[in-house]
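As structure tokens, the structure follows; a few thoughts come after it.
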Amino acid sequence: MKPAYFLLHLKKDLHLEWRSKDAINSMLFFALLVVVLFSLAFDPTQDASRKIAGGILCVAMMFAAVSALNQAWARELRNQVLDALRMTPAPGASLFLGKAIANFAFVTIVEIVLAPVFVVFYNLRAVGNGWLLALVIPLGTWALIVNGVFFAALSIRTRNREMLLPLILLPIFVPALLGMVMACSSILTGETDPALWIKMLAAYDVAFTTLGMMLFEVILHAE
Amino acid sequence: MTSKIAELEEVSKLYGTFAALRKVSVSLERGRCYLVLGPNGAGKSTMLRTLAGLLKPAYGRVLIFDEAGEGVDPMEARGRIGYMSHATMLYDEFTGVENLRYFAGLYRGRDCVAPEDALRSVGLDPALPRPVGQYSQGMKQRASLARVLISRPELLLLDEPFSNMDIQSAHQMLRLLETFRTEQRTIVLTTHQRELAEPLADWVLTLDAGALVSFEEGPYTKAQKLTFAGAAAGAGAR
């Protein structure tokens with residue numbers, strides 16, 4: 001795969017999002033709502049916050065990302081742009097990787113905006129190595145995005161694609177979700193070592209990114 | 001001497017139980033223009049999409065030939081085929097030149113036409129700041145043709161290229177297509193405006209209910225075509 005193709009796709013997706021801000025706005029609004037509503041509904045103490053915060057953050061990001069991933073290929077479908085892309089000599093893997101990294105960037109922006117709000121509303125202070133969150137959250141986010149972009153492409157030719165994506169994606173994402181939640185909780189509470197969960201997340205990411213890149217050409221040219 | 005560029009051998013295409021193409025066999029030569037006619041639902045678009053490699057035939061096979069006469073599947077000949085459909089196949093949010101720059105980048109390593117020149121050749125201003133989504137239907141058609149042209153394809157597949165176009169723009173497009181044919185490129189176009197495209201056609205194919213019912217030589221002689229090209233050039237200039 002030539003990096004030039006992938007950079008071209010990435011630049012195009014970032015450029016389109018910069019113009020419309022559709023994905024970032026919808027994700028940010030949704031994730032903020034979940035975080036604020038959970039905080040008001042449970043009014044957790046600091047100890048309780050440390051235990052549940054990882055789960056709430058991951059689930060909020062997951063649902064927000066799914067809403068954006070459902071639209072990940074919408075622009076390519078609108079004017080049959082995908083057919084034009086299929087006819088170019090550029091490899092499908094570069095399109096997939098460009099789209100995945102662009103969506104990863106959108107979700108990361110939302111996470112960066114969300115982080116201070118989360119700390120304030122849940123009165124959080126990590127007991128463990130807080131800096132490890134900067135490793136765990138991107139690893140978990142990539143696991144969600146790489147599968148989301150792949151399965152969104154798989155479901156674009158189906159009639160109920162908006163319903164189909166979470167149905168396929170979420171069961172496959174469960175191991176990564178578990179790893180992300182457990183690693184976040186370990187870091188926030190400082191009770192256990194998160195190393196095993198981080199390694200598991202990294203292995204999951206490598207495996208699913210490789211599979212996605214290998215199989216995307218088949219998905220792209222399927223009728 | 002002319003050589004084959006594409007061939008459909010007993011091609012059938014099914015959508016569920018509906019046969020959109022039924023055992024269609026056609027051989028297309030380089031530098032020729034083929035006009036595909038037929039009523040709605042006759043299989044014209046399906047034939048073009050099958051030639052483009054966007055649809056796989058249920059039976060039969062499609063081959064695209066190189067200069068040496070070696071035939072490959074259309075998907076392996078990507079980059080040598082240009083396909084223009086009813087839709088623009090462009091991003092609505094980008095301007096014409098932004099769209100074309102993106103697509104030109106995907107044909108890296110090929111001798112591409114500069115996006116600005118491609119837009120000028122179809123009568124669009126490359127400096128137009130409007131996104132394609134705000135173009136008129138005729139402008140969208142022209143921008144779509146410009147996208148097809150940037151990769152200098154050997155085989156041009158044009159599905160209803162004159163729809164939504166005013167007569168002057170249609171003549172301008174015909175004049176452009178005439179120059180492609182003289183460059184030994186093959187054009188296959190479908191249209192309901194027979195009178196408009198017929199002067200360009202070397203061969204006229206008629207499809208009905210997915211079957212090829214006639215394959216006839218175009219009604220215009222070479223001399224008449226040259227006269228037509230001159231007249232179209234005049235109409236375009238006016």
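The values are calculated or read from the model by the stated rules, or taken from the named source; none is laboratory data. Bear in mind the structure is a predicted one, so any value in this text is a computation, not a measurement. Quick reminder, even Gly has a Cβ in these numbers, built from the backbone with ideal geometry, and neighbours come from all protein chains shown. For the accessible areas, the whole protein counts, side chains as well, though only heavy atoms, and no ligand, DNA or RNA atoms are used. Shrake-Rupley method; radii C 1.70, N 1.55, O 1.52, S 1.80 Å.
Just a few scattered comments:
- Some residue of the stretch B:26-38 being within 14 Å of another protein chain (Cβ to nearest Cβ), open to solvent by 40 Å² or more (accessible area, probe 1.4 Å), under 15 Å from the mean Cα position of the chain (by Cα) and touching a residue at least 60 places away in the same chain (Cβ under 8 Å): no
- Residue list for the stretch A:57-81, filter: in contact (Cβ under 8 Å) with a residue 40 or more places away in the chain, of a type in the set (A, V, I, L, M) and either open to solvent by less than 20 Å² (accessible area, probe 1.4 Å) or not in a helix (DSSP H, G or I) (or both): A:60, A:61, A:62, A:64, A:65, A:66, A:68, A:69, A:72
- Any pair with Cβ under 7 angstrom, 6 or more apart, that starts in the stretch A:1-17 at a residue that is at the interface with chain B (Cβ under 7 Å from one of its Cβ atoms) and ends at one that is buried (at least 21 other Cβ atoms within 10 Å of the Cβ) and among the hydrophobic types (A, V, I, L, M, F, W, C): A:5/A:90; A:5/B:106; A:8/B:106
- Residue check, residue A:86 open to solvent by less than 20 Å² (accessible area, probe 1.4 Å), among the basic types (Lys, Arg) and more than 21 Å from residue A:194 (Cβ to Cβ): yes
- Of the residues B:204, B:213, B:188, the single one that is crowded, with 22+ Cβ neighbours inside 10 Å and outside any loop (DSSP other than H, G, I, E, B) is B:188.
- Residue A:210 open to solvent by 20 Å² or more (accessible area, probe 1.4 Å), of a type outside the set (Asp, Glu) and more than 22 Å from residue A:132 (Cα to Cα): yes
- For the stretch B:96-140, filtered to residues that are over 24 Å from residue B:81 (Cα atoms) and hydroxyl-bearing (Ser, Thr, Tyr), the residue that is farthest from the other protein chains (Cβ to nearest Cβ) is B:136.
- Every pair of residues 6+ apart whose Cβ atoms lie under 8 Å, when the first sits in the stretch B:105-119 and is in contact (Cβ under 8 Å) with a residue 12 or more places away in the chain while the second is open to solvent by 80 Å² or more (accessible area, probe 1.4 Å): B:110/B:152; B:111/B:152; B:112/B:152; B:113/B:152; B:115/B:101; B:119/B:125
- Every test in (1) touching a helix residue (DSSP H, G or I) at 6+ places or on another chain (Cβ under 7 Å); (2) hydrophobic (A, V, I, L, M, F, W, C); (3) away from chain B (no Cβ under 14 Å) is passed by residue A:52 save one, and that test is (1).
- Residues satisfying the stated conditions in the stretch A:6-25, i.e. among the basic types (Lys, Arg) and at pLDDT 95 or above: A:11, A:12
- Residue B:47 of a type outside the set (Ser, Thr, Tyr), farther than 24 Å from residue A:74 by Cβ, part of a helix (DSSP H, G or I) and more than 13 Å from chain A (Cβ to nearest Cβ): yes
- Residue in the stretch A:98-111 that is within 30 Å of residue B:155 (Cβ to Cβ) and within 14 Å of chain B (Cβ to nearest Cβ) present: yes
- Any chance residue A:98 is under 18 Å from the mean Cα position of the chain (by Cα), closer than 30 Å to residue B:141 by Cβ and surrounded by 17 or more Cβ atoms within 10 Å (Cβ to Cβ): yes
- Enumeration of residues in the stretch B:138-173 that are β-branched (Val, Ile, Thr) and under 15 Å from residue A:80 (Cβ atoms): B:148
- Restricted to the stretch B:71-87, and to residues there that are within 7 Å of chain A (Cβ to nearest Cβ) and under 18 Å from residue B:177 (Cα atoms), the residue that is surrounded by the fewest Cβ atoms within 10 Å (Cβ to Cβ) is B:85.
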